[in-house]
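A short write-up of the structure that comes next.
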Amino acid sequence: MDVKEIIKPENLVYKKTKLMTDAPLSYCPGCGHGTAHRITMEVVEEMGIWEDTIGVAPVGCSVLAYDFMNIDMTQAAHGRAPAVATGIKRVWPNKYVFTYQGDGDLAAIGGNETIHACNRGENIVIIFVNNGIYGMTGGQMAPTTLPGMKSSTSPYGRDVKTMGFPLKMTELVAQLPGTHYVTRQAVHTPNAVRKAKKAIRKAFEIQKENKGLAFVEIVSNCNSGWKMEPVDANNWMVDNMFPYFPLGDIKVDGELVK
Amino acid sequence: MAKIKGAIEVDVEKCKGCGVCIPACPTDVILLAKDVNGKGYHYAYMENPEACIGCVNCAVVCPDGVISVYKVKVA
Ligand SMILES: Cc1ncc(C[n+]2csc(CCOP(=O)(O)OP(=O)(O)O)c2C)c(N)n1
Ligand code: SF4
Ligand code: SF4
Ligand code: SF4
Ligand SMILES: [Mg+2]
């Protein structure tokens, strides 16, 4: 059968959601930010809530998320997305409000904002893309950088004696009574993407029911910061990031898993 | 049993040649072209179009969302 006979509108089974704009993504080839954006927008589309959803973009590579996500968005000062989202949600309690943040934004400069928004149990969704590095500014060490991992500010590898241990923000916020659902996902394989999308869906459903804060970490790559080819970076992530940041639900229905 | 035939369409000018779609394909349909697009990237294309089963795996992992997937049942 000729390809031309298959590629017809009536045979279409998958296409980028209209809630992603046609602007070319500013991300490096293979960067997981694009996939994380797309599945978030697919969830918003499938729930039919695009007119009632407001996103808060961070500072970091995804600072331009508002150019790519075709919904109402704003952009917060570095690390302040949970505080901005808190304000929006309290003024408009019937809107769906989410933040989209990197690990430098959420765990370093915004660590305080994150913990207190989680502890207050704000009815928001936090999507946390953890690539273990400050991607945007040239690959500096983040709180999430692995022991021994090289970055531009830890050129001999992170020495935990002087630089401390990688911060597991997701396990940390799971301890707080304000969080209702806390999970860690990835977007490097088709199955991982499908699971991550289900988790994001669940997070938005929790907001619908006003049950508290839903926190979805996505362990991702930074090919440029890690100085690897995209597919190699994904393999490196599986071998090195996942043992320290294991995938799966950490808190479900307000109860710690295990 | 009805057989499934699939095909993908890559938005060549927006593909960044990252290759993430290649290991995601269960039937080894995709390769990167020797040729480059306007941005200098070796874009993805169907090297083995007859093997495509329209499973959408490649489109689901493509960070740039540049793959559309089509599928038909042939009797
Ligand atoms: C107040 C302030 N301090 C520092 C910076 C510099 N800066 C920009 S992005 C960034 C870190 C971003 O890292 P991350 O949140 O992990 O995002 P990624 O790019 O890795 O997705 C820093 C430190 C800034 N823009 N504003
Ligand atoms: S620098 Fe890293 S996080 Fe930023 S777009 Fe490139 S790969 Fe993605
Ligand atoms: S995953 Fe997408 S951007 Fe990367 S090579 Fe395949 S089609 Fe191109
Ligand atoms: S739709 Fe499935 S079989 Fe076809 S190219 Fe994509 S991954 Fe391969
Ligand atoms: Mg980062």
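The values are calculated or read from the model by the stated rules, or taken from the named source; none is laboratory data. A quick note: this is a predicted structure, and the numbers were derived from the prediction, not measured. Neighbour counts are summed over all protein chains in view; Cβ atoms, including those assigned to glycine, are modelled from backbone coordinates with ideal geometry. For accessibility, only protein heavy atoms count, side chains too; no ligands or nucleic acids. Shrake-Rupley method; radii C 1.70, N 1.55, O 1.52, S 1.80 Å.
For this structure, a couple of remarks:
- Residue among A:E229, A:E217, A:E205 that alone is buried (at least 18 other Cβ atoms within 10 Å of the Cβ), within 30 Å of B:G65 (Cβ to Cβ) and among the acidic types (D, E): A:E217
- Tabulated pairs, the range B:33-51, first at pLDDT 95 or above, second more than 16 Å from ligand 2 (Cβ to nearest atom) and polar (S, T, N, Q), C-beta under 8 angstrom, 6+ apart or interchain: B:Y43/B:N37; B:N48/B:T27; B:A51/B:T27
- Candidate set: the range A:37-62, residues that are touching a residue at least 60 places away in the same chain (Cβ under 8 Å) and within 9 Å of chain B (Cβ to nearest Cβ); chosen: the one farthest from ligand 2 (Cβ to nearest atom): A:I39
- Applying the condition of being facing chain A (nearest Cβ under 10 Å) and over 26 Å from A:T21 (Cβ atoms) to the range B:32-52 and asking which residue is surrounded by the most Cβ atoms within 10 Å (Cβ to Cβ) yields B:C52.
- Total residues in the range B:53-72 satisfying the condition of being touching a Lys or Arg at 6+ places or on another chain (Cβ under 7 Å) and either more than 7 Å from every other protein chain (Cβ to nearest Cβ) or within 16 Å of ligand 2 (Cβ to nearest atom) (or both): the figure is 3.
- Residue match in the range A:102-118 (condition: more than 13 Å from ligand 1 (Cβ to nearest atom), modelled with pLDDT of 95 or more and under 24 Å from A:A233 (Cα atoms)): no
- Picking from residues in the range B:14-31 that are over 9 Å from the mean Cα position of the chain (by Cα) and either away from chain A (no Cβ under 11 Å) or among the charged types (D, E, K, R) (or both), the one that is least open to solvent (accessible area, probe 1.4 Å) is B:K16.
- Flag if A:A65 is more than 12 Å from chain B (Cβ to nearest Cβ), in contact with a Pro (Cβ under 9 Å, 6 or more places away or on another chain) and either under 23 Å from A:K89 (Cβ atoms) or open to solvent by less than 10 Å² (accessible area, probe 1.4 Å) (or both): yes
- A:T21 vs. criteria more than 9 Å from chain B (Cβ to nearest Cβ) and open to solvent by 40 Å² or more (accessible area, probe 1.4 Å): no
- In the range A:28-36, the count of residues that are within 16 Å of ligand 5 (Cβ to nearest atom), open to solvent by 30 Å² or more (accessible area, probe 1.4 Å) and of a type in the set (S, T, N, Q) is zero.
- Test: residue in the range A:5-14 that is within 30 Å of A:D103 (Cα to Cα) and within 9 Å of chain B (Cβ to nearest Cβ): no
- Top-ranked residue in the range A:68-92 [being open to solvent by 30 Å² or more (accessible area, probe 1.4 Å) and either in contact with a Pro (Cβ under 8 Å, 6 or more places away or on another chain) or within 25 Å of A:Y134 (Cα to Cα) (or both); ranked as farthest from ligand 2 (Cβ to nearest atom)]: A:A83
- Within the range A:215-258, restricting attention to residues that are without any contact (Cβ under 8 Å) to a residue 24 or more places away in the chain and outside any loop (DSSP other than H, G, I, E, B), the residue that is farthest from A:V129 (Cα to Cα) is A:E255.
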